[in-house]
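Take a look at the structure set out below.
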Amino acid sequence: YIKHKVFIKKKSYALNNEDTAVLNYFKDKKRGFYVDVGCYHPLDGNNTQLLYKKGWNGINLDINHYSIKLFNFLRKRDISIHSGISNKKSKLIMYYRKEINMLNTLDEKIAKMNFRNGYKKKNIQVNTLNYFISKYFKKLDMIDFMNIDVEGGELNVLKSLNFKIYKPKLICVEIHNIKKMFDKNYKYLKTNSIYNFLVKKGYKIVWKYKYSFIFERS
């Protein structure tokens, strides 16, 4: 809590200023609803804290138990849930180094790449976004902003949402391609499953930096 200097106001809480781009997009919207999947920490590397400070609220989900304890303490208007998100209800293996870490994942390939000195495993319950949103926000019919940062499971998270009902206006998602991350032309996107999924849903890129992309619903 003290480590992340929570009492110091920041212009950005995100890793790459994604949150300032999102805040600027919604500059005229005083109240809104966000979904933050893989929320990790409310004040460190977070893309929804600026929206919360503006008066927004939403739902935060993470596979890290201590992450959710932090959100419950600092985000009283939000619903924060300890769970993984995937395209169907099941139990998956969580690969982790510490109980709270932004690189913890449900994808073993990602774990082997990020945790070269070894990692731990444990089973974790996962469910769909449709399930949690309909459970806690029965009257919700639109998501203003959705943030997805789950280290390899982004496509399954997207597939777990009914886009016809919730129609997210803006989506920030990580698309990793280590070999071509610094390709200024982003040619690799044309063959990327996340990019093509969102394009088919009627989205276009309005902001990008390295592996982080913001899509707008046309």
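The values are calculated or read from the model by the stated rules, or taken from the named source; none is laboratory data. Remember, it's a predicted structure, so these values are computed and weren't measured experimentally. Cβ placement follows ideal geometry from the backbone for every residue including glycine, while neighbour counts extend to all protein chains displayed. For the accessible areas, the whole protein counts, side chains as well, though only heavy atoms, and no ligand, DNA or RNA atoms are used. Shrake-Rupley method; radii C 1.70, N 1.55, O 1.52, S 1.80 Å.
Remark: spin-label model distance residue 164-residue 176 equals 3.4 nm, labels positioned 7 Å along the Cα→Cβ axis.
Rounded to a whole number of µm²/s, how large is the Stokes-Einstein D of the chain at 10 °C and 1.306 mPa s, given Rh as the Kirkwood radius over C-alpha pairs? The estimated diffusion coefficient comes to 90 µm²/s.
Between 105, 20, 191, the Gaussian network model of the chain with springs among Cα atoms under 10 angstrom shows the greatest mean-square fluctuation at 191.
Counting only heavy atoms of the protein chains and using a 1.4 Å probe, residue 141 has close to 100 Å² of accessible surface. In a reduced charge model with +1 at each Lys and Arg Cβ and -1 at each Asp and Glu Cβ, the stretch 64-211 shows a dipole moment near 160 debye about its Cα centre. A Förster radius of 30 Å combined with the Cβ-Cβ distance from residue 29 to residue 72 puts the calculated FRET efficiency at roughly 0.75. Calculated on C-alpha atoms, the gyration radius of the stretch 1-92 divided by its Kirkwood radius gives an Rg/Rh of 0.97. For the chain, averaging the sequence separation of C-alpha pairs within contact (under 8 Å, six or more residues apart) and dividing by the residue count gives a relative contact order of 16 percent. Centroid-to-centroid, using Cα positions, the stretch 21-97 and the stretch 102-172 are 10 Å apart. Fully extending the segment from residue 196 to residue 123 would add 23.2 nm, taking 0.36 nm per residue of separation and subtracting the current Cα-Cα distance.
Rounded to the nearest angstrom and listed largest first, the equivalent-ellipsoid semi-axes of the stretch 76-132 from its Cα gyration tensor are 23, 14, 9. Note that the chain presents 54 Å² accessible area per residue, ligands and nucleic acids not counted, probe 1.4 Å. Of all aspartates and glutamates in the structure, the ones whose alpha carbon falls short of 13 Å from that of residue 204, not counting any fewer than 8 places away in one chain, are 216.
Once you treat every alpha carbon in the stretch 90-179 as an equal point and sum by Debye, what is log10 I(q)/I(0) at q = 0.10, 0.16, 0.18 Å⁻¹? The Debye formula, applied to the Cα set alone, gives -0.32, -0.75, -0.89. In this Cβ point-charge picture (+1 for Lys and Arg, -1 for Asp and Glu), the stretch 1-127 has a dipole of about 240 debye about its Cα centre. Taking each DSSP H run with n ≥ 4 as -39500 (n - 2.57) and averaging over every residue of the chain yields -6500 deg cm²/dmol at 222 nm. Ordering 108-119, 143-154 by mean Cβ neighbour count within 10 Å, with the highest value first, yields 143-154, 108-119. Spacing of the modelled spin labels on residue 9 and residue 206, each 7 Å from Cα toward Cβ, amounts to 2.6 nm. Remark: the stretch 206-218, residue by residue, has Karplus-estimated 3J(HN,Hα) of 10, 7, 7, 7, 6, 9, 9, 10, 10, 10, 10, 6, 5 Hz, where x stands for each Gly or Pro and the curve is 6.51 cos²θ - 1.76 cosθ + 1.60 at θ = phi - 60°.
Within the accessible area of the stretch 13-73, the carbon and sulfur atoms contribute 48%, probe 1.4 Å, all protein chains present. When you restrict to C-alpha pairs under 8 Å that are six or more residues apart and normalise by the size of the stretch 85-136, the relative contact order lands at 48 percent.
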